Amino acid sequence: MQFAVVLTAVCGLALRLAADDSTTQEIPQKSETAEPTPASPDSPPPPPVAEPIEKKPVAKKAAKRDPDALTVAEQKVLDIVNAERARWGRRPLKANNRLMRIARRHAANMARWNQMSHYLGGSVGQRIAADGYWVRSSGENIAYGQSGPQHVMNVWMASSGHRNNILSTGYTDIGIGVAYSNSGQPYWAQVFATP
C-alpha cells in the first residue's frame, strides 16, 4: 500500500514522504512574493493575508515598597501586641524604623541558618547598638514555625517571659520581623526598646 503525505514547511518547502521509501524529497514552492496566478471569474477571491501583529513590549513598573512600611503580618502582630497591652492597662508600643530593621534582619538570619537563636549576630543589645540606636533597656521575643500573627502571638502570650516583654511598661518602641527559610518555615522576631 502506498500513500504520500505532503507537508508545507514554514520556509516554503514541501516534503513528500512515501510509506515505502525512507527518503525525503524537497519540492520547491512559490515564494510569497511571486506573482499570483490569475483567477477565473467563477472562482472565489483569495483569502486576505493577515498582517502580522507587532507586539510592543509592555513596560511594567514595579511598585516600590517603602522599606520602613510594615508588612501585613507585621502590622497584625503590632495590632495584637497593642490590643493585649490595652487589655492590661498599658500604653501602646510604636513601631520604630530602626528596630524594625533589626528585627527583620534577625528573623532573616534565623531563617537563613534554620536556627532559632537570640545570639546570631550578637545579643539583642549588641545588634541594637551596632545599628546606632542607643537605648536604656531592650528585650526580644523570637519564635519559629507559627503559621501567622495570631498563632505566634498566642504562643508568646502563653509564655511568661515572652508575655512580660510584650506587656512591660519599660518599653515604648517595638520592631517586628518575619522571614521564611528555604523550606517555608517562618521565623519571627520582636525587638523591644526604650530610647
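The values are calculated or read from the model by the stated rules, or taken from the named source; none is laboratory data. This structure is a prediction, so every number in the text was calculated from the model and none was measured. Note: ideal-geometry Cβ built from the backbone for every residue, glycine included; neighbour counts use all protein chains shown. Accessible surface is based on the protein model in full, side chains and every heavy atom, while ligands, DNA and RNA are left aside. Shrake-Rupley method; radii C 1.70, N 1.55, O 1.52, S 1.80 Å.
Which log10 I(q)/I(0) values does the stretch 72-156 give at q = 0.15 Å⁻¹ under the Debye formula, counting every alpha carbon as one identical point scatterer?
Ignoring solvent entirely, the Cα scatterers give -0.61.
Which whole-number value in Å² is the accessible area per residue of the stretch 85-167, probe 1.4 Å?
Normalised by residue count, the accessible surface of the stretch 85-167 is 56 Å².
What does the highest-first list of 96-108, 136-148, 170-182 look like by mean Cβ count within 10 Å?
96-108, 170-182, 136-148
Using R₀ = 22 Å, calculate the FRET efficiency as 1/(1 + (r/R₀)^6) where r is the Cβ-Cβ separation of residue 83 and residue 159; round to 0.05.
0.80
Over the stretch 111-164, what percent of the accessible surface lies on carbon and sulfur atoms, probe 1.4 Å? Write out the running numbers ahead of the final one.
Values: 1600 of 3060 Å².
Heavy-atom surface of the stretch 111-164 belonging to carbon and sulfur, 1.4 Å probe: 52 percent.
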